[in-house]
Amino acid sequence: MGESASVVTITAVVPLYDVEGYLLDLLASLSAQRPGGYDLEVVFVDDGSPDRSGEIAQRWLEETGTRGTVIRQDNAGVSVARNRGLEAATGEWITFPDSDDMVAPGYFQAIAAFLAADPGSSVVSARMLRLMEPDPTPQDVHALQFRFMAGNRRVSMARYPDFFQLNVAPAFFRRQDVLDRGVRFRPGLHASEDALFVAEFLLRAEGEPVLGLAADAHYVYRRRASRDSAVDRFRNDSDSYIGRFMDGYAPLMADAAARGRVPGWLQSMFLYECQWILPVQLTSHGYADVLTAEERQRVLAALASCAQYVEEDRLFEYDATALPLASRLLLQMLAGRPIPSWVGAYRDRDGRVDVPVAAGSHIEVHTQDGAVDQDRAGFVVPDYFGQQLLVHWTGTIPRGAHIVVDGMPRRIVHRRWTDTPEQQRDRHRRTELDVSRHAIPSREHEVRVWKPIPGPGGARGDKLRWRVMLTRRRLARFVKRLFQLD
């Protein structure tokens, strides 16, 4: 990994803080890199780590002869550490791997080949695999894995707004572009500092951004069994629910709107963040009980400050993850817009109907024989941070009845016998808006979407393998659902 005739020079900036138990795995994966097509520099930033992480990194540099350095600073957070590393970097391209992750043996070789063949991408992303401890086998299950299912390719983010990049660990940027645009990681944010760095970098570029997808380069993201990483701790930090939106996304979106329009890919990035914030509030394991009543109202205000910049079409056509319909409707109302007329009354197999409506709506049930007894009907307010805008009218009605909300009829949508309630609603949304109807909606508490490959181009072999995998998963889900019904 020393000096070579390579055409691509890369600097990896690695912040270090209390990772002595994981760092050796990253260093071993760096030592195992195949040569060819690149020259690698590694800049470690010891962010006042209380353990021996900095010493271990320094010894590794000396023993392997890898070009690089260890910068030491008082503890100031990951953003400040990355900014220090950026200032010291010398490579043409720069990336920011996390110190507790790993990279596949051909990682930098594959990245170098992609960059040499396609230098025109605004930002390039490697394929991120997940290592879910204690399972030692990385899995290709990232929520945005669909981007890589057609192999290496370039995608216009303006034309395909569901193709976006949030994580900087598997991403590569032209270092001079970062410096020229004056983009830096924001200190003080406890979540989404990666995504905001990427967004700001792209917003300051000239022309439409292009996302390069290096499917052959595999980055291994570790989910610690101890659940003590920054990602795991964010649900216990009230600022994670507020700061990323109020101090991060909202100012960026407002600035973009002042210059014409908020790009669709930035709207999608915000919706992706909402995927991890809103649906879990209706579960016991994800409910934000760390928040006070006042903080819950601040969360709603922060979400509203961003939702106002999300266009209605983008909100309901967003398909990068399976954001539930109820979450989309809440964002629609936080943006000050009414529930769309196509939203239905969702009937289960026992005749019970769930109707999402605005608080204060008047509900009527009609049949050919007149009004229906509604003694078993009532309103349920989903507890999204104490919101009072969106409610669900639920009641049992006979077949043939129809529902009128504030003088407007709602279509009765019947559930397929293998569908969950969320699948029923998502299938209806796709049909009404002509979004890809072949995608499999989310299961309860799951964000993953398995779908035909969107976007342009791609290799035929990769597409075929994706279709085979999709078919297997759809069949497995169908069979599992059959047994659940028995």
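How large is the helix-only mean residue ellipticity at 222 nm for the chain, computed as the sum of -39500 (n - 2.57) over DSSP H runs with n ≥ 4, divided by its residue count, in deg cm²/dmol to the nearest 500? Write out the running numbers ahead of the final one.
Working: 15 runs with 167 residues, N = 486.
Here the helix-only value at 222 nm equals -10500 deg cm²/dmol.
What is segment 248-388 by shape, rounded, prolate or oblate, if you read a ≥ b ≥ c off the alpha carbon gyration tensor as root eigenvalues and call it rounded for a/c under 1.5, prolate for a/b larger than b/c, and oblate otherwise?
Here segment 248-388 falls in the prolate category.
With an 8 Å cut-off on Cα pairs and a minimum separation of 6 or more residues, tell me the relative contact order of segment 322-399 in percent. Walk me through the numbers on the way to the answer.
On the way: 94 pairs, mean separation 25.7, N = 78.
For segment 322-399, the relative contact order is 33 percent.
What is the spin-label model distance, in nm, from residue 312 to residue 51 if the labels are put 7 Å beyond Cα along the C-beta direction?
Output for this residue pair reads 5.3 nm.
Roughly what angle does helix 460-485 make with the longest principal axis of the chain, taking Cα atoms, 0 to 90 degrees, to the nearest 10?
Computed tilt is about 40 degrees.
For a quick check of your reading of the filter: which trypsin sites (Lys or Arg not before Pro) in segment 387-449 sit in a DSSP loop and have no more than 15 other Cβ atoms within 10 Å?
Values: sites: 399, 410, 411, 415, 416, 425, 427, 429, 430, 437, 443, 448; in loops: 399, 411, 415, 416, 437, 443, 448.
Passing sites in segment 387-449 are 399, 411, 416, 437, 443.
What do you reckon, how do 393, 417 stack up by accessible area (1.4 Å probe), largest on top? Walk me through the intermediate numbers first.
On the way: 393 10, 417 135 Å².
Result, largest first: 417, 393.
With a ≥ b ≥ c taken as the square roots of the eigenvalues of the C-alpha gyration tensor of segment 166-313, please select rounded if a/c is under 1.5 and otherwise prolate if a/b is larger than b/c or oblate if it is not? Before the final figure, lay out the partial values.
Values: a/c = 1.88, a/b = 1.24, b/c = 1.51.
Oblate.
Run through segment 298-359 and list the chymotrypsin sites (Phe, Trp or Tyr not before Pro) located in a DSSP loop whose Cβ has at most 15 other Cβ atoms within 10 Å.
Working: sites: 309, 316, 318, 342, 346; in loops: 309, 318, 342.
Counting only loop positions with at most 15 other Cβ atoms within 10 Å, the chymotrypsin sites (Phe, Trp or Tyr not before Pro) in segment 298-359 are 342.
May I ask for the angle, rounded to the nearest 10°, between helix 293-307 and the longest principal axis of the chain, with both axes built from Cα atoms and the value confined to 0 to 90°?
Taking Cα atoms only, the helix is inclined about 80 degrees.
If you add up the charges near residue 384, with Lys and Arg at +1 and Asp and Glu at -1, over every other residue whose beta carbon is less than 13 angstrom from its beta carbon, what do you get? All intermediate terms of the calculation are to be shown ahead of the outcome.
On the way: positive: 296, 328; negative: 383.
In short, +1.
Considering only protein heavy atoms, what per residue accessible area in square angstrom results for segment 53-180 with a 1.4 angstrom probe? List each step's numbers first, then the result.
Numbers: 4630 Å² over 128 residues.
Heavy-atom SASA per residue in segment 53-180 reads 36 Å².
What does the charge count near residue 145 come to, summing +1 for each Lys or Arg and -1 for each Asp or Glu among other residues with Cβ under 10 Å from its Cβ? Spell out each step's value before the answer.
Working: positive: 127, 130, 147, 448; negative: 140.
Net charge in that neighbourhood comes out at +3.
Length gain on complete extension for the stretch residue 116 to residue 350, per 0.36 nm per residue less the alpha carbon to alpha carbon distance? Provide the component values of the computation, followed by the final result.
On the way: separation 234, 0.36 × 234 = 84.24 nm, distance 5.99 nm.
Answer, rounded to one decimal: 78.2 nm.
For the chain, build the charge dipole from Cβ charges (+1 Lys, Arg; -1 Asp, Glu) around the Cα centre, then report which of 326, 236, 366 sits farthest towards its positive end.
Positive-most Cα among the choices belongs to 366.
Normalising by the residue count of the chain, find the relative contact order in percent from Cα pairs under 8 Å and 6+ residues apart.
On the way: 899 pairs, mean separation 63.5, N = 486.
Value for the chain: 13 percent.
If you count, for each residue, the other Cβ atoms within 10 Å and average over each peptide, how do 134-145, 322-333 line up from highest to lowest? Don't skip to the answer; put the middle values down first.
Values: 134-145: 13.3, 322-333: 22.6.
By packing density, highest mean first, the sequence is 322-333, 134-145.
Considering only protein heavy atoms, what per residue accessible area in square angstrom results for segment 291-338 with a 1.4 angstrom probe? Walk me through the numbers before you get to the answer.
Numbers: 1560 Å² over 48 residues.
Averaged over the residues of segment 291-338, the accessible area is 32 Å².
What list of ³J(HN,Hα) couplings, whole Hz, do you get for segment 414-428 from phi and the Karplus terms 6.51, -1.76, 1.60, once you set θ to phi - 60° and write x for glycine and proline?
8, 8, 5, 5, 9, 8, 7, x, 5, 5, 4, 5, 6, 4, 5
Kindly express, to the nearest 10 degrees and within the range 0 to 90, the angle between helix 325-334's C-alpha long axis and the longest C-alpha principal axis of the chain.
Approximately 90 degrees, to the nearest 10.
In nm, what is the difference between 0.36 nm times the number of residues separating residue 239 and residue 132 and their Cα-Cα distance? List each step's numbers first, then the result.
Working: separation 107, 0.36 × 107 = 38.52 nm, distance 2.62 nm.
Result: 35.9 nm gained on full extension.
According to a simple spin-label model (label point 7 Å from Cα along Cα-to-Cβ), what is the distance in nm between residue 20 and residue 295?
3.2 nm
Report ³J(HN,Hα) in whole Hz for each residue of segment 203-211, in order, from the Karplus equation J = 6.51 cos²θ - 1.76 cosθ + 1.60 where θ = phi - 60°; Gly and Pro get x.
So the J values, rounded to whole Hz, are 5, 8, 7, 8, x, 7, x, 10, 9.
Grab the beta carbon distance between residue 481 and residue 366, set R0 = 35 Å, and tell me the FRET efficiency rounded to 0.05. If you can, show how the numbers build up before the last one.
Numbers: r = 33 Å, r/R0 = 0.95.
E between residue 481 and residue 366, to the nearest 0.05, is 0.55.
Shape of segment 1-108 from its Cα gyration tensor (a ≥ b ≥ c, root eigenvalues): rounded if a/c is under 1.5, otherwise prolate when a/b > b/c, or oblate? Present the calculation step by step, with values, prior to reporting the outcome.
Details: a/c = 1.92, a/b = 1.43, b/c = 1.34.
In terms of gyration-tensor shape, prolate.
Using the Cα centre as the reference, give the magnitude of the dipole from point charges on the C-beta atoms of segment 1-153 (Lys, Arg: +1; Asp, Glu: -1; all else neutral), rounded to the nearest 20 debye. Walk me through the intermediate numbers first.
Working: 11 positive and 22 negative charges, 120 e Å.
The dipole of segment 1-153 has a size of about 580 debye.
Give me the percent of accessible area attributable to carbon and sulfur for the chain, probe 1.4 angstrom. All intermediate terms of the calculation are to be shown ahead of the outcome.
On the way: 10390 of 20840 Å².
C and S atoms contribute 50 percent here.
The values are calculated or read from the model by the stated rules, or taken from the named source; none is laboratory data. Just so it is clear, the structure is predicted and the values come from calculations on it, not from any experiment. Note that each Cβ is placed from the backbone with ideal geometry, even for glycine, and that neighbours are counted across all protein chains shown. Calculation scope for accessible area: heavy atoms of the full protein, side chains included, ligands and nucleic acids excluded. Shrake-Rupley method; radii C 1.70, N 1.55, O 1.52, S 1.80 Å.
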